[in-house]
Amino acid sequence: MSKLGKLGARLHHGEVGYDFIKNRKIWYGISILITITAIVGLAVRGLHMGIEFQGGAVFTTPKNMSASVSQTETYAEEASGHDAIVQKLGDGSLRIQIAGIDTGTSDQIKDDLAKDLKVDAEKINADLVGPSWGDQIANKAWQGLAIFMVLVVIYLAIAFEWRMALAAFVALIHDITITTGIYALVGFEVTPGTVIGLLTILGYSLYDTVVVFDSLKEQTKDITKQTRWTYSEIANRSINSTLVRSINTTVVALLPVAGLLFIGGGVLGAGMLNDISLSLFVGLAAGAYSSIFIATPLVADLKEAEPRMKALKKRVLAKRAQAGAQGEPAQASVPDEAYDDEAEDAAPAVVGPRNQPASRNRGRGRPSGKRR
């Protein structure tokens, strides 16, 4: 077994671990700082909306053009009086996007470009996008996002409980805000591909969160029937037991996306790949972070505000204090018999090896407890 596999097994069995819940205020602070930065970026720089949302024209030149991208960009801006985005395609043709122009001026811009580039105007293909169509695309995108959020909350409230649904909703808003803020700060164009990327990373983030929630739901079944562990401790065990799985799936998902973003978009100059790859890259990383550091700690906070969980915590701490006063290890208290089997499976992960209690089966049926 590999070292990572051994670590995953030890994390799953609670032999080692990190106390994520105890340090939750640090994670909350980091998330708030990143979120504020993203909001400031959105307020100051705003989103660079693509031509599909603003309306305008897209001109495609013939193949194997000798003009450079920067030179063509200058020609387009002089002809239109608007900012232009020029991309060189794989066959050597140029794709020129000019937002905010109407049908009446597109023909004149096309003729001016043909003169500057020294090509026949008939060989330049022009595709027009009206602003009303862009508004429809934007409205559909917002409607799709709102419907997705509502369905997610309803499903989680039914499958788990409303506290988990609320925590997952907060984590999703966290991921969307950070991703859109990065888009504003970097200045990448927002296109329908960006919207597709956002919806994709929301589904991935939700999947990662549900994995932890499912483990937490299973391990906290009949939790009030024992006095060995608090809800936060079992929540911490759930995070640690799925930690290696979350890391593996995130890394595997990020590698091809990084190839699209840094090699396809950066090295090869395939600008259209940036529309979806940046949202996927930032969103996948933010989703993995939020499922571990935001969603589950928030559920623990909400649950331990319940009166029965407060009472459980008092009983657990009182029993540990009593055990400590008697000189016994604090974690050696035996759980109530009704929760006996679940308690050992739900032991919270702590840093370093935990005390291994004597096997309950040792010597069963043999008075001396020795092997024959």
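Percent relative contact order of the range 110-230, based on C-alpha pairs within less than 8 angstrom and at least six residues apart?
On the way: 43 pairs, mean separation 21.6, N = 121.
Here the relative contact order equals 18 percent.
The gain in end-to-end length when the Glu218 to Ala159 segment is fully stretched comes to 20.0 nm, 0.36 nm per residue minus the alpha carbon separation. Net charge in the neighbourhood of Ile39 (other residues with Cβ under 15 Å of its Cβ; Lys, Arg +1, Asp, Glu -1) is 0. Sorted largest first by accessible area at a 1.4 angstrom probe radius, with every protein chain in place, the residues Val150, Val44 fall in the order Val44, Val150. Spacing of the modelled spin labels on Ser93 and Ala321, each 7 Å from Cα toward Cβ, amounts to 7.8 nm. Within a straight-line Cα-Cα reach of under 24 Å, Lys22 can be paired with the following lysines, leaving aside sequence neighbours fewer than 8 residues apart in one chain: Lys217, Lys221, Lys225, Lys303, Lys310, Lys313, Lys314, Lys319.
The values are calculated or read from the model by the stated rules, or taken from the named source; none is laboratory data. If you're wondering where the values come from, they're calculated on a predicted model, not measured in any experiment. Cβ: placed from backbone, ideal geometry, glycine included. Neighbour counts: every protein chain shown. Just the protein is used for accessible areas: all its heavy atoms, side chains included, with ligands, DNA and RNA removed. Shrake-Rupley method; radii C 1.70, N 1.55, O 1.52, S 1.80 Å.
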